[in-house]
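The values are calculated or read from the model by the stated rules, or taken from the named source; none is laboratory data. Every value quoted in this text rests on a predicted model; they were computed, and no experiment measured them. Cβ sites come from the backbone with ideal geometry, for glycine too, and all protein chains shown count toward neighbours.
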Ligand code: A3P
């Protein structure tokens, strides 16, 4: 993670306190057919995002909510900073004054102007689907690391998150939540649609897809693959450092510095298969059918190893 997280923590804390004052219907707005939280996003910012100019050496981390974006974001920033230390002035990459909220769609409409001053390489996160991203990201063939997580754990993690973080609308019951999740009435839209849309880019040379589960199972190997994809050349020792600093325990222990109080909500379990505590037979049937219909025959759908991670 970048050394400076003051603006991140300030914005997140403000979202929490703003959310506490809002009625449920005031907590979301719809833009271009998808709902977003008013505590983090705005129509003005989405409009301004259209003018964002990508750079060829930007690095994007794309992942739906709760797929582990803070985790992989830590790994990406650490890899880029570690490599910069070997080659150039890493302090210029981590100037506190220039810090921006890492998710491109979150913040004020002026952030894209300020981001022009950021030195390369910029590491930028997003929960957005590809068709909602500025065109220059694709025309410039910016490298995109696409992070996927099995849909049942995403649904489970998002459920707890919505009910534990005051900036997001909560749900009275798991059933209510599950219906909203399956109907795409979720912040940032449907996860099934998300994977379906990203699958249209699955063969793009500038995109590499990884899963939360493979990263959990083989961190060193996946971190090495990410380095190769970004054309970075860390030593084995540096890779090990990146892996150690990104363990769930290490990130949770450091959460006061990186995430403030929000860390208590974010770093929940960090495991695989927690969905087994929430999904009934009916929920399994519904999710399995949706996956089968939309994703099972797609490249990204196969990458998820649904039969291994999502079968009851
Ligand atoms: P759980 O709610 O299942 O615990 P995001 O960062 O995209 O919001 O995703 C949050 C999910 O990633 C949470 O899942 C969180 O615990 C998990 N997570 C965060 N840091 C992690 C780490 N270092 N290792 C594994 N999982 C992590």
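Couple of notes before you dig in:
- Screening the range 220-260 for residues that are within 12 Å of the ligand (Cβ to nearest atom) and more than 18 Å from the chain's Cα centre (by Cα) and picking the one that is nearest to residue 57 (Cα to Cα) gives 242.
- Considering (1) modelled with pLDDT of 95 or more; (2) surrounded by fewer than 21 Cβ atoms within 10 Å (Cβ to Cβ), the lone condition that residue 84 does not fulfil carries the number (1).
- Helices (runs of 4 or more DSSP H) lying entirely in the range 195-312 (those with 2 or more residues that are closer than 25 Å to residue 129 by Cα): 212-217, 219-229, 263-266, 281-294, 299-303, 306-309
- The residue list 181, 125 contains one member that is in contact (Cβ under 8 Å) with a residue 12 or more places away in the chain, part of a strand (DSSP E or B) and crowded, with 19+ Cβ neighbours inside 10 Å, which is 125.
- Residue 44 in contact (Cβ under 8 Å) with a residue 40 or more places away in the chain, more than 16 Å from the ligand (Cβ to nearest atom), surrounded by fewer than 21 Cβ atoms within 10 Å (Cβ to Cβ) and assigned to a helix (DSSP H, G or I): yes
- Residue count for the range 130-169, restricted to those that are within 15 Å of the ligand (Cβ to nearest atom) and either touching a residue at least 40 places away in the same chain (Cβ under 8 Å) or assigned to a strand (DSSP E or B) (or both): 21
Listed here are the residues, each with its yes/no results for (1) at pLDDT below 95; (2) farther than 25 Å from residue 174 by Cβ; (3) in contact with a helix residue (DSSP H, G or I) (Cβ under 8 Å, 6 or more places away or on another chain).
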site	(1), (2), (3)
249	no, yes, no
268	no, no, yes
278	no, no, yes
285	no, no, no
290	no, no, yes
295	no, no, yes
312	yes, no, yes
